[in-house]
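*Asks:* Quick one: the structure is below, and I'll ask about it shortly.
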């Protein structure tokens, strides 16, 4: 019964995540993105469109800001009046940061977005009623809304492209929110296949689509609590910790020379994506 | 200035108010037809948006909220003054509220209904609206009780249903009057049904008084909580320009402000359309205007406080949003809102304008334009200049569909309100009787003690 | 022995008060001043309560009960739903977070209070009521009515009392 359940598990129901919590076990999916390696080629974005059946909205809607790119390459130009600003261009691949304490989760009126046991920020399309509060409260603005019914819109997937759609992924109807899932369909398929062998996933057995196609290996994806995983080693090398809003290394005198940082971590969403600052100056 | 005559015959009160149910001025029908037309436009736009998708409203990422949410706050805010007049002034024994509280309370109810419409219109999947209701189901799925939007739904449901009950309970004695005087047609049946067999017995009045007082006591904290919760939609979020502690009182003040301005507008219209000159007197109007002026200054103060806290808080992002409001694409609206909200009400400070009907009609409408802009300026600029630089410099303008639905909501409100005033007595007959009775008793007492000459009649 | 209703209308509260006081003093067959006398008035008038004597109003107990039930129901329903529904973390907040639950408890407290008050009003005031045997539309206009019920032999005495205090109109139930 609910009251008994409440009383018995009271302490479980009252802790705060991630600061007062045990780490996720056995998986905590996380990423590390090396911006020094990123060339801004947009292959990740294209791969994401293909893998996750993202609607191609067309020029006009794109210009309106109604694009559906779950991962986007942001371009920033230096403001130092140089002759060729392109030389200082910086690229930043931006996708859902799968925050441990996601601002979008608390505000959804119907609970369509939740924190999963493997540390992802899930989105339940069937449950979404389209209040768009999650997007309003997302500091990174990485949630994309189906402004139209794309599956029935012409030229979103031209006839010859329909065969290319990923059967593991549902198509989203109009009026629901969607966002990067860290290719959850691949993670789940991988988990199922190793379950028969009685073990958990090893590093590299699951790759996200963006990671898979990145020509410069800028994107590293993996299980953060697995000490052998690349992502764990990178986070450790950069001394970036998951459950803090200010890294210890930054508080040290003189700051840190390490490149790892998380975007807007002072807002305490505890993002699961670590970026590594660029060291070289020009883009290409 | 002429107030309600104390020696007015009670039978005349009945007659005059009952007449408003039958023969309003021609303007009434003009208003109804215009309202129908305006509402029709809104319905057309909504049908289009419903079938095509919210993209036709021209929203995008990051501008995911637009005029719908702004208008939602506007209509919720409008509802608060009905409660101010009917509940707070009731507890304060301000008897001048009595001829005008009924329509103000109706305004509360109908503007809440309009606000509720915007919640629905705003949703991407309107047809799944019931997901937000906490109904027991075999899958054990519940809405997210942490979401301020759910608090909104709960608060609005509570406020709307309590307001309807409050309006209805306060109207039972008047419905009995209608029942006793109207003997034909569907109206007779309606009033007989709704008056529940009220006969004004001592037992009824005794319980009535306590009940009315109790609900009034509940409604005041409820009204404050409702707009505080609407403010929480923003204050509970993380976004710059929204995440401000002073939002709840600021919203409540803004709500009372726009509501009072709306009461002035509707006062003037009703007074003319239903020939209530003798009951909705200029002296009552003057009190309402003074109240509005006081609230407008409270709002101005809280508004300035909000700017000041942002400015001195060293919150660079919030500061950037404020600067962008004053200089960016929204600047004309932002400055207009400050002008209409804080400068225009100064007109109301002049005695000569406090009873000047054309001036008051214009000013009250302008104030509400200002308050609507205020809500828009709370919602929109944060999206165009939030935390994330990638979202900056992307202007967005609401489409005609979006404007059309906002426009249509005014038709819907007017329609509901005007039909209400035609079907139900919009001036409370029994309370006007109480008012003149108690005033004449007080006058008699004064006469008896011989203080009449010194105290005069200007006590109210 | 059959009972009869009489309704007398008065133009002001003073006369009605005098009648009530006189009716309390005399003893008539089949007439109990506390039970068989009802004052009807067009406005809510505290003086009527004064001269009728203290009669309890119990609506506030309904209010108390309704508000407490509403509040408690809200808190346990919501916490229970949160505990049982996935018990899933949202935004790093506890599964059963207090601030939101208190907000909703507060709303339901008021909701329960208002609803049950109105229910209590209907119960305590006996609404919806059957129309009484004698009624005049004048009561909802500007006159005060006193409805008494007494043995038919007493109707003469009652009539004389009403007439003495300038009753404007006296209605009597037709004999059976």
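The values are calculated or read from the model by the stated rules, or taken from the named source; none is laboratory data. Predicted model only: the values in this text are computed from it and were never measured. Every residue, glycine as well, gets a Cβ built from its backbone with ideal geometry; the counts of neighbours run over all protein chains shown.
*Asks:* Taking the stated definitions as given, is residue C:127 crowded, with 23+ Cβ neighbours inside 10 Å and at the interface with chain B (Cβ under 8 Å from one of its Cβ atoms)?
*Replies:* no
*Asks:* Can you name the strands (runs of 3 or more DSSP E) wholly within the stretch A:1-109 that have at least 3 residues being without any contact (Cβ under 8 Å) to a residue 12 or more places away in the chain and away from chain C (no Cβ under 12 Å)?
*Replies:* By residue number, no strands (runs of 3 or more DSSP E) qualify.
*Asks:* Is it the case, given these coordinates, that residue B:418 is surrounded by 19 or more Cβ atoms within 10 Å (Cβ to Cβ) and either farther than 25 Å from residue C:140 by Cβ or at pLDDT below 90 (or both)?
*Replies:* Yes, satisfied.
*Asks:* Right, something else. Go through C:50, C:15, C:44 for me and flag whichever is in the same structural domain as residue C:158 (by TED's automatic domain parsing), in a loop (DSSP other than H, G, I, E, B) and under 26 Å from residue B:432 (Cα atoms).
*Replies:* Among C:50, C:15, C:44, only C:44 is in the same structural domain as residue C:158 (by TED's automatic domain parsing), in a loop (DSSP other than H, G, I, E, B) and under 26 Å from residue B:432 (Cα atoms).
*Asks:* Would you confirm, using the coordinates I've provided, whether residue B:177 is within 27 Å of residue C:147 (Cα to Cα) and either within 14 Å of chain A (Cβ to nearest Cβ) or in contact (Cβ under 8 Å) with a residue 40 or more places away in the chain (or both)?
*Replies:* Yes, satisfied.
*Asks:* Here's something else I'd like to know. Out of B:38, B:64, B:30, which single residue is touching a helix residue (DSSP H, G or I) at 6+ places or on another chain (Cβ under 9 Å) and assigned to a helix (DSSP H, G or I)?
*Replies:* Within the list B:38, B:64, B:30, the selection yields B:38.
*Asks:* Additional query: So, restricting to helices (runs of 4 or more DSSP H) that lie completely within the stretch B:177-292, which ones have at least 3 residues that are within 19 Å of the chain's Cα centre (by Cα) and at pLDDT below 95?
*Replies:* Those helices (runs of 4 or more DSSP H) span B:202-235, B:247-273.
*Asks:* Being more than 23 Å from residue B:215 (Cβ to Cβ) and within 29 Å of the chain's Cα centre (by Cα) narrows it down to one of C:71, C:91, C:53, C:83, so name that one.
*Replies:* C:53
*Asks:* Would you confirm whether or not the stretch A:101-118 contains a residue that is crowded, with 24+ Cβ neighbours inside 10 Å, at pLDDT below 95 and closer than 30 Å to residue A:215 by Cα?
*Replies:* Checking the stretch A:101-118: not a single residue is crowded, with 24+ Cβ neighbours inside 10 Å, at pLDDT below 95 and closer than 30 Å to residue A:215 by Cα.
*Asks:* Right, something else. Condition first: buried (at least 22 other Cβ atoms within 10 Å of the Cβ) and within 14 Å of chain A (Cβ to nearest Cβ). Can you find one or more residues in the stretch C:108-121 that meet it?
*Replies:* no
*Asks:* Which pairs do you get when a residue that is more than 22 Å from residue A:102 (Cβ to Cβ), found in the stretch A:235-246, comes within reach of a residue that is at pLDDT below 95 and in a helix (DSSP H, G or I), reach meaning Cβ atoms under 6 angstrom, with the pair 6+ apart or on two chains?
*Replies:* Taking only residues 6 or more apart or on different chains, the pairs are A:239/A:249.
*Asks:* Same structure, new question: Would you be able to say whether some residue in the stretch C:55-65 is more than 23 Å from residue B:202 (Cα to Cα), more than 14 Å from chain A (Cβ to nearest Cβ) and assigned to a helix (DSSP H, G or I)?
*Replies:* Yes, the stretch C:55-65 contains at least one residue that is more than 23 Å from residue B:202 (Cα to Cα), more than 14 Å from chain A (Cβ to nearest Cβ) and assigned to a helix (DSSP H, G or I).
*Asks:* In the stretch C:155-176, what residues are assigned to a helix (DSSP H, G or I) and in contact with a strand residue (DSSP E or B) (Cβ under 8 Å, 6 or more places away or on another chain)?
*Replies:* C:155, C:158, C:159, C:162, C:163
*Asks:* Look at residue A:179 and say whether it is without any contact (Cβ under 8 Å) to a residue 24 or more places away in the chain and within 14 Å of chain B (Cβ to nearest Cβ).
*Replies:* no
*Asks:* Test residue B:168 against the stated conditions and say whether it is modelled with pLDDT of 90 or more, within 13 Å of chain A (Cβ to nearest Cβ), more than 30 Å from residue A:2 (Cα to Cα) and in a helix (DSSP H, G or I).
*Replies:* Spelling it out, it is not the case that residue B:168 is modelled with pLDDT of 90 or more, within 13 Å of chain A (Cβ to nearest Cβ), more than 30 Å from residue A:2 (Cα to Cα) and in a helix (DSSP H, G or I).
*Asks:* In the stretch B:110-141, how many residues are in contact (Cβ under 8 Å) with a residue 60 or more places away in the chain and away from every other protein chain (no Cβ under 11 Å)?
*Replies:* 7
*Asks:* If you go through the stretch B:41-61 one residue at a time, how many are in a loop (DSSP other than H, G, I, E, B), at negative phi and out of contact with any strand residue (DSSP E or B) (no Cβ under 7 Å at 6 or more places or on another chain)?
*Replies:* Final tally of qualifying residues: 2.
*Asks:* For residues that are surrounded by 19 or more Cβ atoms within 10 Å (Cβ to Cβ) and within 7 Å of chain A (Cβ to nearest Cβ), scanning just the stretch C:68-92, find the one that is nearest to residue B:155 (Cα to Cα).
*Replies:* It comes out as C:79.
*Asks:* Mind listing whichever residues of the stretch C:23-38 are touching a helix residue (DSSP H, G or I) at 6+ places or on another chain (Cβ under 8 Å) and either away from chain B (no Cβ under 14 Å) or farther than 15 Å from residue C:150 by Cα (or both)?
*Replies:* C:26, C:28, C:29, C:30, C:31
*Asks:* Among the residues of the stretch C:34-50, how many are without any contact (Cβ under 8 Å) to a residue 12 or more places away in the chain and surrounded by 14 or more Cβ atoms within 10 Å (Cβ to Cβ)?
*Replies:* Selection size over the stretch C:34-50: 3.
*Asks:* Give the residues of the stretch C:76-99 that are touching a residue at least 12 places away in the same chain (Cβ under 8 Å) and in a helix (DSSP H, G or I), sorted by residue number.
*Replies:* Result: C:78, C:79, C:82, C:83.
*Asks:* Hey, any hits in the stretch B:384-404 for a residue that's crowded, with 23+ Cβ neighbours inside 10 Å, assigned to a helix (DSSP H, G or I) and more than 14 Å from chain C (Cβ to nearest Cβ)?
*Replies:* For the stretch B:384-404, residues crowded, with 23+ Cβ neighbours inside 10 Å, assigned to a helix (DSSP H, G or I) and more than 14 Å from chain C (Cβ to nearest Cβ): absent.
Here is a yes/no grid of residues against (1) at the interface with chain C (Cβ under 7 Å from one of its Cβ atoms); (2) touching a strand residue (DSSP E or B) at 6+ places or on another chain (Cβ under 7 Å); (3) in contact (Cβ under 8 Å) with a residue 24 or more places away in the chain; (4) farther than 30 Å from residue C:131 by Cα:
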{"site": "B:194", "(1), (2), (3), (4)": "no, no, yes, no"}
{"site": "B:199", "(1), (2), (3), (4)": "yes, yes, no, no"}
{"site": "B:208", "(1), (2), (3), (4)": "yes, no, yes, no"}
{"site": "B:227", "(1), (2), (3), (4)": "no, no, yes, yes"}
{"site": "B:234", "(1), (2), (3), (4)": "no, no, yes, yes"}
{"site": "B:241", "(1), (2), (3), (4)": "no, no, yes, yes"}
{"site": "B:246", "(1), (2), (3), (4)": "no, no, yes, yes"}
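Residues are listed down the side, and each one gets a yes or a no for (1) assigned to a loop (DSSP other than H, G, I, E, B); (2) surrounded by 14 or more Cβ atoms within 10 Å (Cβ to Cβ):
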{"position": "A:222", "(1), (2)": "no, yes"}
{"position": "A:233", "(1), (2)": "no, yes"}
{"position": "A:240", "(1), (2)": "yes, yes"}
{"position": "A:246", "(1), (2)": "yes, no"}
{"position": "A:254", "(1), (2)": "yes, no"}
